[in-house]
Amino acid sequence: MNPVTPEIFTRYAGNPIITVDQLPYRANSVFNPGGGRVGDDTLLLIRVEDMRGISHLLAARSTDGVSDWRFDATPLIQPEPDIHPEEIWGCEDPRLTWLPELDQWAIAYTAYSRRGPLVSLALTRDFTEVKKLGPAMPPEDKDAALFPRRLGGRWAMIHRPSPLRGFAHSMWISYSPDLHYWGDHELLLEARDGAWWDAGKIGLGPPPLETEDGWLVCYHGVHMTASGPIYRVGLALLDLDEPRTVLRRTDEWVLAPTAPYERSGDVNKVMFPTGWVLDPGTQQLSIYYGAGDSAIALVTADLGEVLAMMRTVPTG
């Protein structure tokens, strides 16, 4: 176990903070939320899997980001296969990025098409109305989020395509002049080989967070065992001006599924972070994650302590 983990990251004592029983309608499970601060509320855009196994995205709001969640009566984003055929089997795993230039939130989510999962984008100002931009990447691709500002005059996005050959699922970065056309694809963070905790498959968690040390990136790594996969969490730092440059990456995982609600669910042994919210006053980083593909839970950390820890991990 990484000795620094229990000192820096703290699970909320009341976890899980959202379960399916709290929803205003019947469903199978809730998990993998995008997160942001909207007005006076913490907003989570949560993945809800219905009783067919098809997912949609529902907004939930809370004053303290922990309790008394207020759920919209209807989904913000739901499959519309007549208009968007790529969504025929669901809309999943959103990541939320505030784009000051556009005065809008970008939602990167996984559309589940007949040809496999792909990255789709949408824009919203207040999470009451949404404009779908459609697919940004062809299948199979997922685990995507935008950077909050242009880099070198272009928008940038991290995503995770699946290779046609080989096993390693790694994180890539791509660029766009307009959020519609994407190119200059480049491998960013590679899944390791062998017995590593993040060998074979990795994917982006929440959107990159701009810090004084670089872009802080949280990602999940998957280790295959005889009893199935284990989803753990690691961190990396990217150069602020050239995010294709990886400055640091943790060798050890920083979080792992050890709590009962993480080790047992529709998918056992899963911690899957997809949203975080930074309090600018206290510098508390709240990390929202899917637990066991069945509920939503929270861990917190002090951003300064996280960055101090990152300065001790290997470079490159």
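Okay, here's what the table says:
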item	result
Label-point gap, in nm, between residue 315 and residue 212 - each point 7 angstrom along Cα→Cβ	2.0
Percentage relative contact order, region 187-311, counting C-alpha pairs under 8 Å, at least six apart	18
Global form of region 163-205, assessed from the alpha-carbon gyration tensor, a/c cut-off 1.5	prolate
³J(HN,Hα), Karplus 6.51/-1.76/1.60, whole Hz, each residue of region 276-282, x for Gly, Pro	9, 9, 9, 7, x, x, 8
Linear extension gain, residue 264 paired with residue 180, 0.36 nm per residue minus alpha-carbon span	26.3 nm
Structure-based [θ]222 nm, the chain - -39500 (n - 2.57) summed over DSSP H runs of at least 4, per residue, nearest 500	-1000 deg cm²/dmol
Extension reserve of the residue 12-residue 28 stretch, reckoned as 0.36 nm per residue once the Cα distance is removed	3.4 nm
Rg over Rh, two decimals, region 70-206 (C-alpha only, Kirkwood Rh)	0.98
Cβ-based exposure ranking for 102, 44, in which fewest neighbours within 10 Å come first	102, 44
Region 155-196-region 74-110 distance, computed between alpha-carbon centres (Å)	20
Cα-based reach from residue 269 at 13 Å (exclusive), listing aspartates and glutamates while leaving out same-chain residues under 8 positions away	293
Cα shape, region 1-159, gyration tensor, a/c 1.5 rule	rounded
q = 0.23, 0.26, 0.27 Å⁻¹, region 35-114: log10 I(q)/I(0) [Debye, one scatterer per Cα]	-1.09, -1.22, -1.25
Förster radius 35 Å - calculated FRET efficiency between residue 68 and residue 244, Cβ distance, rounded to 0.05	0.25
Distance between modelled label sites at residue 196 and residue 123, nm, 7 Å Cα→Cβ extension	3.8
Rg/Rg_globular for region 5-310, with Rg_globular taken as 2.2 N^0.38 Å and Rg from C-alpha atoms	0.91
Straight-distance crosslink candidates among lysines, where the alpha carbon sits under 30 Å from residue 132 and sequence neighbours closer than 8 are dropped	142, 201
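Here, each number is a calculation from the coordinates, and none is a lab measurement. In this text the structure is predicted, and so the values were computed from the model without any measurement. Cβ coordinates were reconstructed from backbone atoms using ideal geometry, including for glycine residues, and neighbour counts include every protein chain displayed.
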